[in-house]
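These notes concern the structure reproduced below.
Computed from the coordinates by the stated procedures, all read-outs in this text should not be read as laboratory data. No experiment lies behind these values; they were computed from the predicted model shown. Ideal geometry is used to build each Cβ from the backbone, glycine not excepted, and the neighbour counts take in all protein chains shown.
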Amino acid sequence: MLSITLRQLEYATAIARHGGVTAAANALHISQPALSVALAQLETLLARPLFHRRPGGRLVPNSYGRGWLAKAEAALAQVGALTRSDTAIGTELHLALFQDLAPQLLAPLIAGANLRHPELRLRCSVMGFDPLAAALAEARCDLAVTWDLGLPANISRETLALVPPHAVLAATHPLALK
């Protein structure tokens, strides 16, 4: 059985809707190379191309792609209907936060959840990376906010922000002058 993700469905349908990878990447707020790689992986998984490649980077669905993309759009619509239903959000959501991120993010996450979903009871756990990854893998939490470092491949990811690394040194350290 194929293991196609919702993200792959979203990416492929966006490429078809926008007529190419660059425009779709802009609309999805991801890099063009990342979207190109995702499309290549999807077409490899399907063992056939979804698009005819045209000059100027234009991608046009081929006959197989038109049928596949129609089914992908229908599947995304059904998932969207699930998330819009009254039962999509239960009464409780268990959120796990990586301990290094919690001081900055916990209060805004709780406030945002209370504003958008006042019926929701948010249960939060702050933990180290290994316990958090285990909680996700074992479904002991519904959602986690963490760095994307070494999570199991079967964990779905959504990038919330790109944060560049920083080195913090004493002013007298030899590397501080570089």
Beta bridges per DSSP with both ends in region 42-178, % antiparallel, nearest 5: 25
Enclosed volume per residue, in Å³, of the convex hull spanned by Cα atoms of the chain: 182
Positive-end extreme of charge dipole, the chain - chosen from Y11, P164, L175 (charges on Cβ): Y11
Rg in Å to one decimal, and Dmax rounded to a whole Å, for region 94-162 via C-alpha atoms: 11.9, 34
Low-density loop positions, GluC sites (Glu not before Pro), region 73-148 - DSSP coil, at most 16 other Cβ in 10 Å: E119, E138
Compactness of region 125-167 as Cα Rg over 2.2 N^0.38 Å, two decimals: 1.21
Value of relative contact order over the chain, rounded to a whole percent, pairs C-alpha under 8 Å and six or more apart: 16
Cα-centred dipole magnitude for the chain, charges only on beta-carbon of K, R (+1) and D, E (-1), debye, nearest 20: 740
Region 6-84 - Kirkwood radius from inverse mean 1/r over Cα pairs (Å): 12.6
Mean separation of Cα contacts under 8 Å (6+ apart) over length of region 90-178, as relative contact order %: 34
